[in-house]
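Just so it is clear, none of the values below were taken in a lab; they were calculated from the coordinates. These numbers were taken from a predicted model, which means no experiment stands behind them. Every residue, glycine among them, receives a Cβ derived from its backbone with ideal geometry; neighbour counts consider all protein chains shown.
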Amino acid sequence: MIRKEINEIKSQYTLEDCAIARMCGCYVDGEKNKVTKINEIFLNLPDEEKHKYFEIFKKTLSGTPGKNLLDMQFTADSYADGGTREALYRLRDSELKDEKLLDEFYDRIIENYYYPGNYLILIIHQVYDVPGKTSDGIEMEDASDEVYNYILCSICPVTLSKPGLGYDESVHEFHNQEQFHMVDAPDMGFLFPAFNDRSEDGNGLLYYTKNSENFQQMFLTSVLGCEIPLPAGDQKETFQTLVTETLGEDCDYETVKNIHENLNEMIAENKGKPEPAVLDKTSARKLLERSGVSEEKLGDFEEHFEQKAGENGRLLASNVAETRKFEVKTPDVIVKVNPEKTDLIETMVIEGRQCLVIKIDERLEVNGISVNPYTGEVISHSTGSSENFPIE
């Protein structure tokens, strides 16, 4: 799902546009016991409570696509009779009115979701009349192309509020404040089915995780039946391994610099487009080829990519690229360069040794002290002139 499609669903969570038919939930304690369950016609709730729930639902559809929000595909086993995909469809089609299906759903989450404390499972059902659009993208309020029938699930930690003094307005005094169990922002959630190209896509779902570096594999496989993606940090490590192993002894400074520059150019060119820039096995190969990697080295790259990232693996360009820094390290020296000024560093053989050469313009500082780049003399801050004590 692209950002525009996600925002279109989020925009429904207001008092004016809300069409949520039913909301159900299960409160689970730290021992995995069901404390209580809720089953409400959403529109019957007080407006103040609706606003609080809207915040949770919107948060479940918030984050960075490719990091916190991920398009997930079902595994082959999920399509089998009695598979997880079928279970999600049965839950959706029941309009959350079947207590047996709801209990089975709660049980699967409780069995496969790890959280050390109390938490609340929330699930809503909504039928959204998707407005039609003219050829130039103008929404037609009175025309509906189709209906998007979906469920949204949010799993929220429940924590005790902090103890302290509170003001009692009835007696105009301060007294010890009672602690309450408060529902926090969601830790995890999903939207099913996916809303791709403004239409229902039953081949996938949109998954939300607060922690983009720690996917709960049991939840993904047993509750959702989806392929496990690479976390953002692992994507960077996978790409670095691919580059290192593909280039081997030919992994030199210039080639790596070219890869860095081409990746950032790819991200810049894609800025403003609805979908983020991604690297699959084909586009990653083209990136390395454009960066100067020889055809010989790229002979079995796509097969190598599949081994590291999966057959249908996709790496988000912003996850693997360094857009804010360019860093060169030796065991004793670290050089940080503006990513747009990588041409200031070159490699050069001096007296038979490979060296890094940094171009110096008219300004040079050593430990915060301005130095004449040509003579090595310290420049006086008061006069702007050089003093007669060179830096050794």
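Computed quantities for the displayed model
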read-out	value
Listed residues 199, 262, 212: farthest to the positive end of the dipole of the range 187-287 (Cβ charges)	199
Computed E for residue 302/residue 44 - FRET, C-beta separation, R0 56 angstrom, nearest 0.05	0.50
Helical mean residue ellipticity (222 nm; -39500 (n - 2.57) per DSSP H run of 4+; nearest 500) of the chain	-8000 deg cm²/dmol
Sequence ranges 64-70, 262-268, ranked by mean other-Cβ count within 10 angstrom, highest first	64-70, 262-268
Compactness of the chain - radius of gyration and Dmax, Cα, Å	27.9, 88
Cα shape, the range 232-320, gyration tensor, a/c 1.5 rule	oblate
Karplus-derived HN-Hα couplings along the range 296-302 (A = 6.51, B = -1.76, C = 1.60, θ = phi - 60°), whole Hz, x at Gly and Pro	4, 5, 8, x, 10, 4, 5
Spherically averaged projected area of the range 1-41 from its Cα convex hull (nm²)	4.6 nm²
Size of electric dipole in the chain: Cβ of Lys, Arg +1 and of Asp, Glu -1, about Cα centre, debye, nearest 20	400 debye
Burial order of peptide ranges 341-352, 112-123, 246-257 (average beta-carbon count within 10 Å, highest first)	112-123, 246-257, 341-352
Pairwise FRET efficiency - residue 369 versus residue 81, Cβ, R0 = 51 Å, nearest 0.05	0.10
Kirkwood-Stokes translational diffusion coefficient of the range 73-211, alpha-carbon pairs, 10 °C, 1.306 mPa s, µm²/s	87 µm²/s
Signed unit charges on C-beta, dipole axis of the chain, positive-most listed residue 318, 172, 276	172
Label-point separation in nm, residue 97 to residue 176, each point 7 Å along Cα→Cβ	4.9 nm
Folded to 0 to 90 degrees: helix 84-93 orientation relative to the chain principal axis, Cα	50 degrees
